[in-house]
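Asker: The structure that follows is given in the form of C-alpha cells.
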Amino acid sequence: MLGGSHFQVPAIKYAKKAGYHVITADYLPNNPGHKYADEYYNVSTIDKKKVLELAKKIKIDGIVSYASDPGAPTAAYVSEKLNLPGNPYDSVVILQRKDFFKTFLNENGFNIPKYRSFIKIEKGIKYATELLKSYPIVVKPVDSSGSKGVTKLDSINHFNSAFNLAMNYSISKCVVIEQFINKSIYEMDGDGFVWNGKLAFRCFGNQHNDLKCNPHVPAGISFPYIQDKYLQQKAHNIVEKILTKLNMKVGGLNIEYLTDNDNNIYILEIGPRSGGNLIPEVIKYSTGIDLIKYSVDGALGKDCSDLGMIEPKGFYASYILHSQKEGVVKNIVISDEIKSHIVEYKILITKGDYVNKFNGSNDTLGTFILKFENKEQMINMMDRMNNYIYVAIK
C-alpha cells in the first residue's frame, strides 16, 4: 500500500480485515495508516526504483496507490516489472500528468481547452497574455494531487505568483496554462472502476466548493449527479473510449469532467486511482458497491467481472472540514440543524491547534459523510455547509 495518510486508512483497514498481509510505504512514519499495517517501510511513494527494490525483497503479490495520484505511476511501474495485476506504466503516466493527458486527448480528437505547458515563467507569461485576450485562464501543476497549486486568473496581474505556486507543487517542475471553460452545471467529481478496458462501474457526483477559499478545491461531493442521464451516459462513453485506447486493465478511477453551455463534455482528469475526500465510502452508502474492496482485490488478481452499474439510491455527500482563514482553532462548530444528517465523521484537529486556510486536500481538518431527504435539500445544504459545520478561529 503506497501511502499511509488518513485517506489511505480505509483501504489498509479493508485489506487487513480481508486477511491480507499489509505492507505500507511512504516517507512519513507518523502517518496514521502505518499503525494498521503488518509492516512499514520508509520509502517515498514516488521513488519507483526503490519501491521496486523493496517489492522484490519482500516478494509482494500486489501493489495499490489508493487515493493518491503521486504513487500511481510507481504502482504501475512495479506491477509491470514484476508481472503483477495492474495497468500499463506508460498509460498511467499519461493519465497522471495533466500535460501528457491533454496531448493524448488532443491527438485522439477529444474536446480540450486551449493549453500549453511550461517550465520557464518567461515563456508562460507570453502565452498567458495572449490567451487572456479571449478567455480567463487556469494555471496548475502538471502532476500535483488534491487540487493543490491551482489558480484561476482573469488578468495577467497575479500571473507570477500563480505560476510560482503551481511550480512549487509540481514534482516534475512543469506548469500547465489553459483556457477556463464556463460550466453549465456543477463540475462532475466521482469514482469508477476499470475492468479489461471497460468502465465497469461509475458513480458521478456534484462537486461543491468553498468560494471563500480556493474555488477549485472540492470541499464536498454529493450524490447522485443532477445532470441529465443522457449527458452522463455520453460522458461514460467518452471515458470508456479513453480507457480502451490506453489499454487500462484494472483498478479504481477518480473522474472529473465539466459540461459547457452547448453540452460539450470536457474530461478534466481520469486519475488512475480511487478518489480521496471519502468518495468511495459515500458511493458505498449510495449504491452498495464497495470500491475499496475492488481496488484491493483487483490489485491481487481477483476476478472483478461481477461488477456492474448500479444506480444510486438516496442522497449522500462527503464534506471536508476546513478553515476559511489561518489561525488558532477556537472551536469546531457543528450546528443542531445538521446533526441529524451526519452518518459518520472524524475530526483531525483540536482546540488550540494552528491551521491553514483551505487551499488543497493537505489542509483537510476532518471528514463528514452526510445523508439528506431529497435532492433539493442535499444541494441547498451542501452549497451552504459553512453555515452548519465550520472552524472558528481566534
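The values are calculated or read from the model by the stated rules, or taken from the named source; none is laboratory data. Just so it is clear, the model here is predicted, and its values are computed rather than measured. Ideal geometry is used to build each Cβ from the backbone, glycine not excepted, and the neighbour counts take in all protein chains shown.
Asker: Looking only at the range 197-235, which residues are in contact with a His (Cβ under 8 Å, 6 or more places away or on another chain) and within 18 Å of Thr367 (Cβ to Cβ)?
Answerer: Asn209, Asp210, Cys213, Pro218, Ala219, Gly220, Ile221, Ser222
Asker: Among the residues of the range 249-264, is any without any contact (Cβ under 8 Å) to a residue 60 or more places away in the chain and more than 23 Å from Ile94 (Cα to Cα)?
Answerer: yes
Asker: Hey, can you tell me all the residues within the range 274-294 that are modelled with pLDDT of 95 or more and within 22 Å of Phe104 (Cα to Cα)?
Answerer: none
Asker: Pull up the range 151-176, narrow it to residues that are assigned to a strand (DSSP E or B) and under 20 Å from the mean Cα position of the chain (by Cα), then point me to the one that is nearest to Asp260 (Cα to Cα).
Answerer: Among those residues, the one meeting the criterion is Lys152.
Asker: What number of residues within the range 205-218 are surrounded by 24 or more Cβ atoms within 10 Å (Cβ to Cβ) and either assigned to a helix (DSSP H, G or I) or among the hydrophobic types (A, V, I, L, M, F, W, C) (or both)?
Answerer: Looking only at that region, the number is 0.
Asker: Now for a different question. Can you confirm whether Ala392 is crowded, with 19+ Cβ neighbours inside 10 Å and in contact (Cβ under 8 Å) with a residue 24 or more places away in the chain?
Answerer: No, not satisfied.
Asker: Looking only at residues that are touching a strand residue (DSSP E or B) at 6+ places or on another chain (Cβ under 8 Å) and free of Cβ contacts under 8 Å to residues at least 60 places away in the same chain in the range 170-185, which one is surrounded by the most Cβ atoms within 10 Å (Cβ to Cβ)?
Answerer: Val175
Asker: Consider Ser144 carefully, then state whether it is surrounded by fewer than 20 Cβ atoms within 10 Å (Cβ to Cβ) and assigned to a loop (DSSP other than H, G, I, E, B).
Answerer: Taking the combined requirement at face value, the residue does not satisfy it.
Asker: State yes or no: is Ile289 outside any helix (DSSP H, G or I), of a type in the set (A, V, I, L, M, F, W, C) and more than 17 Å from the chain's Cα centre (by Cα)?
Answerer: When the stated conditions are applied, Ile289 passes them.
Asker: Could you tell me which residue of the range 308-367 is surrounded by the fewest Cβ atoms within 10 Å (Cβ to Cβ), considering only residues that are in contact with a strand residue (DSSP E or B) (Cβ under 8 Å, 6 or more places away or on another chain) and assigned to a helix (DSSP H, G or I)?
Answerer: Looking at the filtered set, the residue picked out is Ile338.
Asker: If you don't mind, there's one more thing I want to ask. Test Asp303 against the criterion of being free of Cβ contacts under 8 Å to residues at least 12 places away in the same chain, in the same structural domain as Asn362 (by TED's automatic domain parsing) and of a type outside the set (Ser, Thr, Tyr), and give yes or no.
Answerer: Yes; evaluated as a whole, the condition is true for this residue.
Asker: When you go through Ser323, Ser340, Ser318, Ser335 one by one, which is the residue that is without any contact (Cβ under 8 Å) to a residue 12 or more places away in the chain and either closer than 20 Å to His208 by Cβ or touching a Pro at 6+ places or on another chain (Cβ under 6 Å) (or both)?
Answerer: After applying the criteria, what remains is Ser340.
Asker: Taking the residues in the range 248-279 that are among the acidic types (Asp, Glu) and in a loop (DSSP other than H, G, I, E, B) as candidates, determine which candidate is farthest from Val9 (Cα to Cα).
Answerer: Ranking the candidates gives Asp262 first.
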